[in-house]
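Asker: This is the structure I want to talk about, given as structure tokens.
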Amino acid sequence: MNHQKYTTQAAGYDQEREGIERGKITMIEYPSATVGNTRKARVYTPPGYSSTEKYSVLYLLHGIGGDEDEWYTHGTPQIILDNLYADHKLKPMIVVLPNGRAMLNDRAEGDIFAPDKLEAFATFESDLLNDLIPYIEANYSVLTDREHRALAGLSMGGGQSLNMGLNNLDRFAWVGAFSAAPNTKEPELLVPEPQKVTDALNLLWLSCGDLDSLKYVSDRTDAYFSEHNVPHIWVEEQGDHDWPVWKNGLYQFAQLIF
């Protein structure tokens, strides 16, 4: 159990630097049998990406009001990751930014809390496992075992990461949640067999801002993990339900995986 009150990130960790190699973010379209159409995702390939090497993959999920563009637009993951590469603090990895709302009209418009839209975030489990991951593994030079596959996300995506990652321990060895939302299953349902999770996971990460009104979700999850001796990192940061916390979550989590 690693409990940290606050983490500190390096100054300028999310600021674009001159004179360093950069990765690329591209938009892909993949066929989804789950939804019955073609869906979009963004993919970050690291500096010097080469088909002669094999890469680990992090699937990074957005919040309830976002889509495949949310991290890219507000979280600048490509800048954070490029800087970490330049400082030799990151293992070579591809980062996939999907749309976690798996339905025909998956845009974040109208009532984003409508029942069918909330249901679509649960449906994404099938889309991720059966459609997106196979597409990435067929089209990118990646390692395909669980040890080289991570799942993390912010808010609604943090809840998805816990729900789906801990439900598919044969597929993911690294799971992270930044300010997990109330879609996160109750701890007893999330981890009915604590020893199984303890044996399977290389890293289980929770972080949340100390001013976040949803912090109770992370608190109850941390308390259950602690009570059942499930190894995890719990970071209580200074901040609210907002991008500084989520970007720092990615910055810290990315350095620990693979």
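Asker: Efficiency by 1/(1 + (r/R0)^6): what FRET value for L256 and D111, r their Cβ-Cβ distance, R0 = 51 Å, to the nearest 0.05? Intermediate results must be reported in sequence, preceding the final value.
Answerer: Details: r = 37 Å, r/R0 = 0.73.
That gives a FRET efficiency of 0.85.
Asker: Then there is this: For the chain, modelled as a GNM with alpha-carbon contacts under 10 angstrom, which of G209, G66, G12 fluctuates the most?
Answerer: Taking springs between Cα atoms under 10 Å, the residue moving most is G12.
Asker: What is segment 195-253 by shape, rounded, prolate or oblate, if you read a ≥ b ≥ c off the alpha carbon gyration tensor as root eigenvalues and call it rounded for a/c under 1.5, prolate for a/b larger than b/c, and oblate otherwise? Write out the running numbers ahead of the final one.
Answerer: Details: a/c = 3.37, a/b = 1.62, b/c = 2.07.
Cα axes put segment 195-253 in the oblate bin.
Asker: Related question: With +1 assigned to the C-beta of every Lys and Arg and -1 to the C-beta of every Asp and Glu, and no other charges, what is the dipole magnitude of segment 132-258 about the Cα centre in debye, to the nearest 20?
Answerer: Details: 8 positive and 17 negative charges, 71 e Å.
Charge dipole, segment 132-258, about its Cα centre: 340 debye, nearest 20.
Asker: Here's a follow-up. What does the extension gain come out to for D145 and T52, with contour length at 0.36 nm per residue minus their alpha carbon separation? If you can, show how the numbers build up before the last one.
Answerer: Working: separation 93, 0.36 × 93 = 33.48 nm, distance 1.78 nm.
Extending this stretch completely gives an extra 31.7 nm.
Asker: Classify the chain as rounded, prolate or oblate, taking a ≥ b ≥ c as the square roots of the eigenvalues of its Cα gyration tensor: rounded when a/c is under 1.5, otherwise prolate if a/b is larger than b/c and oblate if not.
Answerer: Rounded, since a/c falls under 1.5.
Asker: OK, next. Under a GNM of the chain (C-alpha, springs under 10 Å), which listed residue has the highest mean-square fluctuation: Q160, Q15, Q238?
Answerer: Q15
Asker: In debye to the nearest 20, how big a dipole does the chain give about its Cα centre with +1 on each Lys and Arg Cβ and -1 on each Asp and Glu Cβ?
Answerer: On the way: 21 positive and 37 negative charges, 109 e Å.
For the chain, the charge dipole is close to 520 debye.
Asker: Among DSSP beta bridges whose residues both lie in the chain, state the antiparallel percentage, nearest 5.
Answerer: Numbers: 13 of 41 bridges.
If we restrict to bridges inside the chain, about 30 percent are antiparallel.
Asker: Report the residues of segment 240-258 in range of a label on A200: point 7 Å along Cα→C-beta, backbone N strictly under 20 Å from it.
Answerer: 257-258
Asker: While we're looking at this one, here's another question. Could you pull the accessible area for K89 with a 1.4 Å probe, rounded to 10 Å²?
Answerer: Accessible area, nearest 10 Å²: 90 Å².
The values are calculated or read from the model by the stated rules, or taken from the named source; none is laboratory data. Note that the coordinates shown come from a computational prediction; the quantities given were computed from them, not determined experimentally. Glycine also receives a Cβ, built like all others from the backbone with ideal geometry; neighbour counts cover every protein chain displayed. Quick note on the areas: whole protein, heavy atoms, side chains included, nothing else; ligands and nucleic acids left out. Shrake-Rupley method; radii C 1.70, N 1.55, O 1.52, S 1.80 Å.
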